[in-house]
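Bear in mind that the values in this text are calculations on the coordinates, not laboratory data. All values reported here derive from a predicted model rather than from experimental measurement. As a convention, Cβ positions derive from the backbone with ideal geometry for all residues, glycine included, and neighbour counts pool all protein chains shown.
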Amino acid sequence: MRFPTRSQILLVAAASSVAAEARIPNQEPLGESKQMNTDGRALVNSPVDVEMFVMSKCPDARDCVKDLVLPVMAQVYESGILTLRPTYIGTPDDSNAGMACKHGPDECLGDILELCAYELYKDDPKRWLGFINCMGQQYQDIPQDEHVQNCAMEYGLDFQELETCAASEDPNRGMELLRASARRAIQLGISTSCTVTVNGKKVCVRDSATWKGCSGKPEDLVVEIKRAYEDQ
């Protein structure tokens, strides 16, 4: 698989118009339009918006997804009371339509791949979230072909589609997808991977192998989500 080089990371969207560059893609949270749960029962309130702010090559993000987000989704996603979206932390370089990522260009590529997985399979969190978790378990290998292919195969993602999305110059794919995601994190004032929010409220942070502002226990986050849902 051939991904953008370091220079391409900095230049891939240079030909885009200023308007296209400034436009933030419509990253609708998973299941936003869902009005019924999987049992066919109508929901009383709108689903709670849960968002995880991460970096693909960050060990704290790995722990956060594996030990907190995945167990929470396993417990309450079927109820239909929440949506989940990933947002990636970085610094857009508007002088050349590029990106700077904390752990280097490889992390930018990993972020793009994971965002592509979300965009392509957002209606099936078992696939896109499973892929993100798989990537994070050996984050040192991101974005090596074998690692990406193995994770895509394990969770039923089309490897060719991921490759096409990652290399695309379309405003809703590739580098622009990551730039838009990073701008969102900046606009919300979030710079720590991993940060979890519920309806825009920061409820849990994993930083330097330590849980901050929360216990890190999935059951406590479930309580927070259910409270937010019932308090609408």
### Query
Taking 0.36 nm per intervening residue step and subtracting the Cα-Cα distance, what contour gain separates Gln140 from Ala100 on full extension?
12.6 nm
## Note on the structure
Simple spin-label estimate for Thr91/Glu78, 7 Å along Cα→Cβ, in nm, reads 4.6 nm
### Task
Sort Glu107, Glu219 so that the residue with the fewest other Cβ atoms within 10 Å of its own Cβ comes first and the one with the most comes last.
Glu219, Glu107
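Please state, as a whole number in µm²/s, the translational diffusion coefficient that the Stokes-Einstein equation yields for the stretch 46-230 at 37 °C and 0.692 mPa s, with Rh defined as the Kirkwood radius across alpha carbon pairs. Let's see the in-between values first.
Numbers: Rh = 16.3 Å.
Once the numbers are plugged in, D ends up at 201 µm²/s.
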### Summary
Listing Leu70, Leu82 by rising number of other beta-carbon atoms within 10 angstrom, fewest first, gives Leu70, Leu82
### Summary
Rounded to the nearest Å, the spacing of the alpha-carbon centers of the stretch 162-227 and the stretch 76-103 is 6 Å
### Task
At 7 Å along the Cα-to-beta-carbon direction for both Asp124 and Lys66, put a label point, then send me their distance in nm to one decimal.
2.5 nm
### Query
Using a basic spin-label model with each label point 7 Å from the Cα along Cα→Cβ, how many nm lie between Asp231 and Ser46?
1.7 nm
### Query
Tell me, in nm to one decimal, what length is gained between Val223 and Asp158 on full extension, where the rule is 0.36 nm per residue of separation less the Cα-Cα distance?
19.9 nm
### Query
Counting Lys +1, Arg +1, Asp -1, Glu -1, what net charge surrounds Gly216 among other residues with beta carbon under 10 Å of its beta carbon?
0
